[in-house]
Amino acid sequence: MAKPTPEPIDPQHLPELAAAVIRDARFPMLATADGDQPRLRPVSPVRVDGFTIYVANLRRYHKTAEIAANPNVELCYLAPNHDQVRITGRAEVLDDPVLLDEIWKSNPLLRGYLQTPDNPELIIYRIRPGRVRFMREWALEYHDVAL
C-alpha cells in the first residue's frame, strides 16, 4: 500500500480547520487523571464558544472527583475524515447564572433528564483552552492553533 500524502496546510487556515473538526466530530473524548491513572471517556458538549468547550456532568460521576483533584484535562476530537483536534486546558465549574440559563434553554436533553436547572446533580464544566493542536489525517504532525 502506498503511503498517503496529506494535503498541505496553510497556517492562516488552522483556526477554521480546527473549528470544522469540532463541528463535524461533535463527541470528543475527555481525558482526566485519577491519581496516576489516566481516564478517558466520550462526552457530549452542551456549548462550544470557539475553542472553549462546555461539558455537562452529574455530580455523582467519578470525573467530578478527578477534575476537583486535578482540573487539567484534554479533549480529543476525531472527525469522520480522521482529522483531529486536541484541546489541552483546565476545567472549571461554570457559575455564571446567565450562561447557565442559556445552556439550559438551548439543550432539550438536559431539560429532559434533569427536569430543572437547579438540580443539585448538574455540573457544567467550562474547559478553557491552554493549547489547541490540529492534525490532518496521515500527516503525523500536529500544528498549534493560535488562541
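Filtered by the rule that a residue be hydroxyl-bearing (Ser, Thr, Tyr) and free of Cβ contacts under 8 Å to residues at least 60 places away in the same chain, segment 54-94 gives 61, 64, 77, 88.
I'd like the full set of residues that are under 25 Å from residue 66 (Cα atoms) and exposed (fewer than 15 other Cβ atoms within 10 Å of the Cβ), limited to segment 129-147.
Correct list: 130, 131.
What do you reckon, is residue 87 surrounded by 19 or more Cβ atoms within 10 Å (Cβ to Cβ), at pLDDT 95 or above, aliphatic (A, V, I, L, M) and outside any helix (DSSP H, G or I)? Criteria met by residue 87. Looking across 109, 140, 100, 147, one residue alone is on the phi > 0 side of the Ramachandran plot and out of contact with any helix residue (DSSP H, G or I) (no Cβ under 7 Å at 6 or more places or on another chain). It is 140. Per the conditions (1) surrounded by 12 or more Cβ atoms within 10 Å (Cβ to Cβ); (2) out of contact with any helix residue (DSSP H, G or I) (no Cβ under 6 Å at 6 or more places or on another chain), the sole criterion not satisfied by residue 122 is (2).
State yes or no: is residue 33 modelled with pLDDT of 95 or more and surrounded by fewer than 18 Cβ atoms within 10 Å (Cβ to Cβ)? Here the answer is yes, as residue 33 does meet what is asked. The residues on offer are 108, 117, 97, 129, and the sole one that is without any contact (Cβ under 8 Å) to a residue 60 or more places away in the chain and touching a Leu at 6+ places or on another chain (Cβ under 7 Å) is 117. For the structure I just gave you, tell me whether residue 56 is buried (at least 18 other Cβ atoms within 10 Å of the Cβ), more than 16 Å from residue 125 (Cβ to Cβ), within 16 Å of the chain's Cα centre (by Cα) and not hydroxyl-bearing (Ser, Thr, Tyr). No, not satisfied. Residue 93 falls short on exactly one of the conditions (1) closer than 28 Å to residue 17 by Cβ; (2) touching a helix residue (DSSP H, G or I) at 6+ places or on another chain (Cβ under 9 Å); (3) at pLDDT 95 or above, and that condition is (1). Give me the residue from segment 13-39 that is assigned to a helix (DSSP H, G or I) and charged (D, E, K, R) and, out of that set, nearest to residue 68 (Cα to Cα). That would be 23.
The values are calculated or read from the model by the stated rules, or taken from the named source; none is laboratory data. A quick note: this is a predicted structure, and the numbers were derived from the prediction, not measured. For neighbour counting, all protein chains shown are included, and Cβ atoms are generated from backbone atoms with ideal geometry for every residue, glycine included.
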